[in-house]
Amino acid sequence: MSGLRIGLQLPIINTYTGAVWGDEVMAVGLAEALRRQPDVDEAEVYSVGTIHDNLDLIISFYPFPECRVVSGPRQVWWFQAPRLSPPDGPVEPAVPMYEAILCAGPLLAHRVRAAGATKTLFVPMSANPEVYRPVTPRPDLAHPIVFCANHNRTRADVERYLLPLLPLGLAIYGSGWDREPELAESGCLKGRINPSDVPALYSSCQLVLSAHTTWHRDNDVPTSRLWEATCCGAPIISDRVPTAEKLFGDTIAFTSGGAELAELAALLLAHGNLRRDLAQRARERVIAGLTFDHHARRILDFLAAG
């Protein structure tokens with residue numbers, strides 16, 4: 001493959017000024033990594049309304065019909081999120097439309113192979129370390145614990161992973177959390193944040209919380225927050241996701257939530273050296289082999305192999 005023109009397709013784009021889609025943040029990061037590869041001429045992010053046939057390869061972040069299948073370019077699906085309508089709807093009808101499926105977790109690979117897929121590659125989420133990197137801390141973002149996400153969690157997740165951290169200084173950035181009365185009344189809600197400010201947020205706080213959605217946890221899919229916070233040099237405390245534990249090992253503090261979460265967070269907040277050790281080892285692990293640049297090369301080599 002040489003001189004590739006690549007389109008990364010999402011159902012919608014230009015969400016940075018509203019409720020930011022993590023999918024778009026990842027698409028932009030992967031596109032930048034692909035453009036750095038010597039065999040790629042262009043890699044751009046498109047919506048279903050702007051994707052076109054003057055491309056060699058289209059990587060869709062959702063399958064048909066949420067993303068279009070355009071005649072001409074090679075079609076690849078990156079299975080990293082549930083179907084949008086209905087959530088976690090069937091994926092089987094979409095499988096034959098793609099020559100290859102990139103899977104962000106082993107259970108997803110098993111699912112598409114059971115539906116007839118013969119060419120799959122494990123591609124977990126990631127981040128661009130040129131964007132997500134340690135920056136000068138900002139006093140206005142210097143919270144003890146930070147959680148950055150829009151509200152698409154269950155009430156059980158809120159009770160297990162968020163409420164226990166309120167006494168420890170949890171700050172939440174993102175949309176939709178005001179419908180949870182305890183959070184709205186606590187003063188922890190900080191509203192939306194532009195992705196360009198997230199590196200400063202992660203560089204300024206003492207601890208980053210990762211709490212996956214039920215779908216990601218049930219399907220063993222680690223989300224990009226682990227990579228974004230890690231690349232910024234932030235220590236992370238996270239709910240348990242087996243593939244995340246395999247990828248990051250003991251460089252992230254994993255917990256089952258509830259009282260255990262509160263106790264572990266309090267311990268980490270009380271010991272700066274422990275936090276710095278976790279953060280340093282996690283960042284070294286990602287930079288060594290788990291960035292979007294590494295993924296981009298693996299994807300291109302995988303597709304070139306035929």
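The values are calculated or read from the model by the stated rules, or taken from the named source; none is laboratory data. Computed from a prediction, not measured in an experiment: that's the story for all the values here. Positions of Cβ are generated from backbone atoms using ideal geometry, with glycine treated the same way; all protein chains shown enter the neighbour counts. Side chains included, ligands, DNA and RNA excluded: accessible areas come from the protein's heavy atoms. Shrake-Rupley method; radii C 1.70, N 1.55, O 1.52, S 1.80 Å.
Quick notes on this structure:
- In segment 177-306, the portion of solvent-accessible area held by carbon and sulfur atoms comes to 50 percent [1.4 Å probe, whole percent, DNA, RNA and ligands not counted].
- Here segment 143-170 and segment 235-278 have alpha carbon centers that stand 15 Å from each other.
- Potential lengthening of the chain between residue 114 and residue 215 amounts to 34.4 nm, from the contour at 0.36 nm per residue minus the alpha-carbon distance.
- Peptides ranked, highest mean first, by Cβ atoms within 10 Å: ranges 88-94, 161-167: 161-167, 88-94
- Anisotropy class of segment 16-103 from Cα gyration tensor, a/c 1.5 cut: oblate
- Added length on full extension, which subtracts the Cα-Cα distance from 0.36 nm per residue, residue 294 to residue 250: 13.7 nm
- As a calculated quantity, the FRET efficiency between residue 168 and residue 14 at R0 = 30 Å, using C-beta atoms, amounts to about 0.25.
- Prolate/oblate/rounded call for segment 149-285, Cα gyration tensor, a/c under 1.5 rounded: rounded
- Between the Cα long axis of helix 292-304 and the first principal axis of the chain there is an angle of about 20°, rounded to the nearest 10.
- Choice from 111, 155, 74 with maximal GNM fluctuation in the chain (Cα, 10 Å cutoff): 155
- Label positions at residue 64 and residue 273, each projected 7 Å from the Cα along the C-beta direction, are separated by 6.0 nm.
- Between 77, 215, 177, the Gaussian network model of the chain with springs among Cα atoms under 10 angstrom shows the greatest mean-square fluctuation at 215.
- Each of 191, 304, 261 was placed along the dipole of segment 173-306 (beta-carbon charges, centred on the mean Cα), and the one lying farthest toward the positive end is 304.
- Nearest-0.05 FRET efficiency for residue 50 and residue 71, computed from C-beta distance (R0 22 Å): 0.85
- The C-alpha atoms of the chain define a longest principal axis, and helix 272-289 lies at about 10 degrees to it.
- Expected 222 nm ellipticity per residue - DSSP helices of 4 or more, -39500 (n - 2.57), all of the chain, to 500: -9500 deg cm²/dmol
- A Förster radius of 22 Å combined with the Cβ-Cβ distance from residue 240 to residue 179 puts the calculated FRET efficiency at roughly 0.25.
- Shape category assigned to segment 48-147 from the gyration tensor of Cα positions, a/c cut at 1.5: prolate
- Among 29, 272, 174, the largest mean-square fluctuation in a Gaussian network model of the chain, built with springs joining Cα atoms closer than 10 Å, belongs to 272.
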